[in-house]
1. What's the total number of residues in the range 261-296 that are within 18 Å of the chain's Cα centre (by Cα) and assigned to a helix (DSSP H, G or I)?
2. Restricting the search to the range 294-303, which residues are surrounded by 18 or more Cβ atoms within 10 Å (Cβ to Cβ) and in contact with a helix residue (DSSP H, G or I) (Cβ under 9 Å, 6 or more places away or on another chain)?
3. Taking K124 and the conditions (1) touching a strand residue (DSSP E or B) at 6+ places or on another chain (Cβ under 9 Å); (2) modelled with pLDDT of 75 or more; (3) buried (at least 19 other Cβ atoms within 10 Å of the Cβ); (4) over 21 Å from H264 (Cβ atoms), which numbered condition does it fall short on, given that it satisfies the others?
4. What about A27, is it more than 23 Å from the chain's Cα centre (by Cα), over 30 Å from N148 (Cβ atoms) and in a helix (DSSP H, G or I)?
5. Would you confirm, using the coordinates I've provided, whether Y82 is closer than 22 Å to F267 by Cβ, surrounded by 19 or more Cβ atoms within 10 Å (Cβ to Cβ) and touching a residue at least 12 places away in the same chain (Cβ under 8 Å)?
6. Against the definition (farther than 30 Å from L299 by Cα and free of Cβ contacts under 8 Å to residues at least 40 places away in the same chain), how does S128 come out, yes or no?
7. Does the range 59-79 hold any residues that are over 21 Å from C191 (Cα atoms) and surrounded by fewer than 15 Cβ atoms within 10 Å (Cβ to Cβ), and which are they?
8. Given the options L99, L36, name the one that is more than 27 Å from Q202 (Cα to Cα) and either modelled with pLDDT of 85 or more or of a type in the set (A, V, I, L, M, F, W, C) (or both).
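The values are calculated or read from the model by the stated rules, or taken from the named source; none is laboratory data. Note that the structure is a prediction, hence the values are computed from the model and not measured. Here the Cβ is made from the backbone with ideal geometry for all residues, glycine too, and neighbour counts use every protein chain on show.
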Amino acid sequence: MRGSTVSARAIPRRPGFTLVEMLVAIAIIGVLVGLLLPAVQQVRETARRMQCRNNLKQLCLALHNYHETHGMFPINYGNGPYDDTNTGASWMQMILPQLDQSTLYERIRFGRPLHDPENRQVAKTPVSVWFCPSDSTHSQPLMDGRSNVPGVWAVNNYVACSGSNWNRPPFGPIASQHGRNAGNPDGLDHCNGFMCRGGDNQPTVTRFADLTDGSGTTFAVGESVPLWTAHVWWYWFNGVTATCAIPLNHKREPEDRLADWHEHNGFKSRHSGGAHFAMCDGHVRFVSDRIDLAVYRALATIQGGETITTF
């Protein structure tokens, strides 16, 4: 019997990619992802910046509402040693009712030290409006304290401006002995700005009438990054102010943060190229970290007599 043969043309060819075609497709997909990913990240960062601006607007509105009620902005002061026996208060505590946080405010035992059990619980409570979404640490809002202030504390990304003075190297001493809190024996900042640090029970009152440089060209609140925890706790007076004597976005390596704590008292953000500031009139500006240092410091004073037209 003659064997049968099957023509090659009778065998259907399966559709599909050749190896070369597959590699080309993968390469094209890789290029598209490489092009689209930065755009997606940029869109997300834009949204985060908008939220950061809105947070600062809310904080400044709360400050204005506090002033309307009390005839002055909230004070910031420490009363006693720089440890958990201190009975002072931060300006952020004062504006909790204006931020719809009255329940948290009513839990504070004013006049009692930080190590008071109830005050500890309040101090470790995160408040969402105090977090910039661009700062990855906001997903872990609690940070360990230091030896003089042991415990776990809720951090913040916004601090008030104490002015342009600072009395520690390498950015000082440039502090004037005639600052608004010149009687403070600590004298770290010799405050000439919106919110004095107020150590050693030396609170300084600020009113709209004191802003003679113009509320639209004077910093009220700006961004901070939790690099050194003793300066980013919203509850403690020592963690809620910063100076413009230190250049904007000046950062040190984490291993240097304790030895060079005095270099971490400036404004800084996770945003590329600068940081947001709420001016005393309530509007928010993004300030470039390439700003002239003299202009930057002038924006920090409330009665410096400088004339600033653009920045």
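1. Going through the range 261-296 one residue at a time, the tally reaches 5.
2. If the condition is that a residue be surrounded by 18 or more Cβ atoms within 10 Å (Cβ to Cβ) and in contact with a helix residue (DSSP H, G or I) (Cβ under 9 Å, 6 or more places away or on another chain), then A298, L299, I302 are the ones that fit.
3. Here K124 meets the rest and fails (3).
4. It is true that A27 is more than 23 Å from the chain's Cα centre (by Cα), over 30 Å from N148 (Cβ atoms) and in a helix (DSSP H, G or I).
5. no
6. The answer is no for S128.
7. Correct list: N65, E68, T69, H70.
8. Details: L99 fails: more than 27 Å from Q202 (Cα to Cα).
Result of the check over L99, L36: L36.
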